[in-house]
Amino acid sequence: MKKKLVLLGLFFLLLLTAFYFMLFQGNDNYKVKLPVLSHVQDFRFISQNGKAVSRNDMIGKVYVTEYFFTTCKGICPKMNENLKQVFEKFKEHGDFAIISHTSMPETDSVPLMKKYEAKMIGSKPAYPAKWYFLTGQKDSLYRMARESYLLDNEKNPTANIADRFIHTQFFALVDKDQQVRGIYDGLKAEDLQKLEDDIEKLLEETS
């Protein structure tokens, strides 16, 4: 009798396992999902090539975004060296990109951003992935940092745009549907590893 009960229990366990396999087969519902932290608003900035880059250009792409300035001698060089390693890993993937916004549009002109691109990945990068170095109106750049990417410090004064300055080591990760799915410390090895792992997850997601 006891043996029959054990066999019956095993049977129902196998039946339940088969049920869940059939329920989730063909989708990724069984996977742990990254949370949606924010939605990216419309934007239009100018790249290092003098061309406009907008939100529509990024739909269908997974991208990492940051804020920096070309003359920074503090955290920016280390942040971008770390981003370069991320870029090297995913540069052959056409659905991946990096967006580096300037924190100092009053000085970071298009030629300076082009020069910075050459410093990071060469002046004529022949990769499917893109690394955009963007400049534009300061209020628009900073509004994106605070309202879309959640990268601006809430204590940063908002009354006068001239008084505001973004200097943060954090990166935001955006999915194919223009949703922010993670914030990472660009100076910490464990965060950078998690960033790479999460990029792979989002590249596999269906838009």
From F68, F133, grab the single residue that is closer than 15 Å to Q48 by Cα and without any contact (Cβ under 8 Å) to a residue 60 or more places away in the chain.
F68
In segment 93-115, what residues are crowded, with 21+ Cβ neighbours inside 10 Å, more than 18 Å from the chain's Cα centre (by Cα) and in contact (Cβ under 8 Å) with a residue 40 or more places away in the chain?
M113
Step by step: first the residues of segment 41-92, then only those that are crowded, with 21+ Cβ neighbours inside 10 Å and charged (D, E, K, R), then the one that is farthest from A126 (Cα to Cα). Which residue is that?
E66
Report yes if Y116 is under 16 Å from L83 (Cβ atoms) and in contact with a Ser or Thr (Cβ under 9 Å, 6 or more places away or on another chain), otherwise no.
yes
In segment 51-78, which residues are under 15 Å from Y116 (Cβ atoms) and under 16 Å from the mean Cα position of the chain (by Cα)?
E66, Y67, F68
For segment 170-207, name all the residues that are modelled with pLDDT of 95 or more and either part of a loop (DSSP other than H, G, I, E, B) or of a type in the set (G, A, S) (or both).
A172, D175, K176, D177, Q178, G182, G186, L187, K188, A189
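The values are calculated or read from the model by the stated rules, or taken from the named source; none is laboratory data. Because the structure is a prediction, the values reported are computed rather than measured. Cβ sites come from the backbone with ideal geometry, for glycine too, and all protein chains shown count toward neighbours.
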